[in-house]
Amino acid sequence: MSLLDYFKTTKPNSAKLAKERLQILVAHERSERNQPSYLPQLKQELLNVIRKYIQINQDDISVNFESDDEQETLELNIVIPEQPQS
Amino acid sequence: MARIIVVTSGKGGVGKTTTSAAIAMGLAKKGHKTAVIDFDVGLRNLDLILGCERRVVYDFVNVINEEATLNQALIRDKRCNQLYILPASQTRDKDALTQEGVGKVLDELAKTFKYIVCDSPAGIERGANLAMYFADDAFVVTNPEISSVRDSDRMLGILSSKSKRAENGDEPIKEFLLLSRYDPTRVKLGEMLSVEDVQDILSLHLLGVIPESKSVLNASNSGTPVILDETSKAGQSYSDIVDRYLGEDKPHRFIDEDKKGLFGRLFRSK
């Protein structure tokens, strides 16, 4: 590195990166923390019921729990494959 | 009424024991009768930091198992007669602590002590859970570093859901942030999370910033709580923290870089 480069380069701001990563991670972990503990089992049982009729993958079903001051919402999202499997 | 303070962090090596020793000594020096308890059963170290390792006869687990009385196990500090230490057992494991046993010991201490400082072990197992279970106040010791901040946030979740106060629906534990090993120079260079960054994420009341300081190692080498080193920044920072905790309004220090001249740079202060 030449002397000129030394003056030109702006150092990467790793603290900023750390903060961004933390904000995403902590938000995710907090939302999981507030979920009811029965959620994973509920998801598995729903998956079993649906699989009686349609073959779907583990990733095709999502169960989200959100709560604010007024209400708690349980959101269920199932992606049904386009090609019906015989 | 006694006040129970837990010093916690989740992550190890961030300065829990250093902080416990410093604030317990600080509160005692202010004239408050203070007990500090080591909850790290099997890995006791508070006795070393306080310089009383050779005076340990009975420990916390002995008291819980009624093999010794509380008065037999408590070690009175030689520098400050208002400070007492209850060491952890070195030969047992964490399962030797029971909620009922810990509760009994704390109740008995609460009869005569003003402050009870619980030095939590790292992790989220039994020792850590019991250290925070009965707390009124939590000092969350955090380093400006991602894994420490994440673990602190996890601890906050546990404090708000698994403590006695949470279970009884009482007023929640008061949580305070102690940001330790802070290096204003690296913050300025963008290499370290700033006080504001950490507060943005954890949203905690800041009790104080403890700068990275050589005096912390010097203090532990000699078994002296760093708060007694009144010339050091870390010692002054802990004094401020004790004052703020007791309700004094003190401006924060050690957040910004020192304005050092060439002379100061050549002769680096501690």
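If Lys and Arg each add +1 and Asp and Glu each add -1, what is the summed charge of the other residues whose beta carbon sits under 10 Å from the beta carbon of B:ASP136? List each step's numbers first, then the result.
On the way: positive: B:ARG3, B:LYS164, B:ARG165, B:LYS174; negative: B:ASP137, B:ASP170, B:GLU171.
It works out to a net charge of +1.
Projected over all directions and averaged, the alpha-carbon convex hull of the protein assembly as shown occupies 26.7 nm².
First obtain the Kirkwood hydrodynamic radius of the stretch A:37-81 from its Cα pairs, then insert it into the Stokes-Einstein equation at 4 °C and 1.567 mPa s, and state the resulting D in µm² per second as a whole number. All intermediate terms of the calculation are to be shown ahead of the outcome.
Values: Rh = 11.4 Å.
The Stokes-Einstein estimate is 114 µm²/s.
Per residue and in cubic angstrom, what volume does the convex hull of the Cα atoms of the stretch B:11-110 have? Once divided by residue count, the hull of the stretch B:11-110 is 99 Å³.
Estimated purely from DSSP H runs of n ≥ 4, each contributing -39500 (n - 2.57), the mean residue ellipticity at 222 nm for the protein assembly as shown is -12000 deg cm²/dmol once divided by its residues.
Quick one: dipole size for the protein assembly as shown, taken about the Cα centre, charges +1 on Lys/Arg Cβ and -1 on Asp/Glu Cβ, in debye to the nearest 20.
1720
Across peptide A:20-27, the mean count of Cβ atoms from other chains lying within 10 Å of each residue's own Cβ comes to 4.
Straight Cα distances below 16 angstrom link B:LYS11 to the aspartates and glutamates B:ASP40, B:ASP119, B:GLU125, B:GLU145, B:ASP151, B:ASP153, with same-chain residues fewer than 8 positions distant left out.
With only alpha-carbon pairs counted, each pair once and no self-pairs, how large is the Kirkwood hydrodynamic radius of the stretch B:93-192 in angstroms? Mind dumping the intermediate values first?
Details: mean 1/r = 0.0662 Å⁻¹.
Evaluated over the stretch B:93-192, this radius sits at 15.1 Å.
Averaged across B:155-165, how many Cβ atoms of other chains sit within 10 Å of each residue's Cβ atom?
Working: counts 0, 3, 5, 1, 0, 1, 2, 0, 0, 0, 0.
That average works out to 1.
Measuring against 20 Å, Cα to Cα, the residue pairs B:LYS30/B:LYS164; B:LYS16/B:LYS233; B:LYS78/B:LYS174; A:LYS43/B:LYS162 contain B:LYS30/B:LYS164; B:LYS78/B:LYS174; A:LYS43/B:LYS162 as the ones spanning a longer distance. What the phi angles of the stretch B:76-87 give under the Karplus curve with 6.51, -1.76 and 1.60, with θ = phi - 60°, is a coupling list of 7, 5, 7, 8, 9, 6, 9, 10, 10, 10, 10, x Hz, glycine and proline written as x. Radius of gyration (Cα atoms) of the stretch B:65-139, expressed as a multiple of 2.2 N^0.38 Å: 1.12. Legend: mean number of C-beta atoms from other chains within 10 angstrom of residue C-beta atoms, peptide A:28-38, equals 2.
Expressed as a whole number of Å, what is the distance separating the alpha-carbon centroids of the stretch B:21-96 and the stretch B:130-185? One Cα centre to the other: 22 Å.
Label-to-label distance, B:GLU171 versus B:ASP107, with points set 7 angstrom from Cα along the beta-carbon direction: 2.3 nm. Bridges between two residues of the protein assembly as shown, per DSSP, are antiparallel at a rate of about 25%.
Relative to the 2.2 N^0.38 Å rule of thumb, chain B has a C-alpha radius of gyration ratio of 0.98. Taking all Cα pairs closer than 8 Å and separated by 6 or more residues, the relative contact order of chain B comes to 24 percent.
No lab work stands behind these numbers, since they all come straight from the coordinates. No experiment lies behind these values; they were computed from the predicted model shown. Here Cβ is always computed from backbone atoms with ideal geometry, including for glycine, and neighbour counts include all displayed protein chains.
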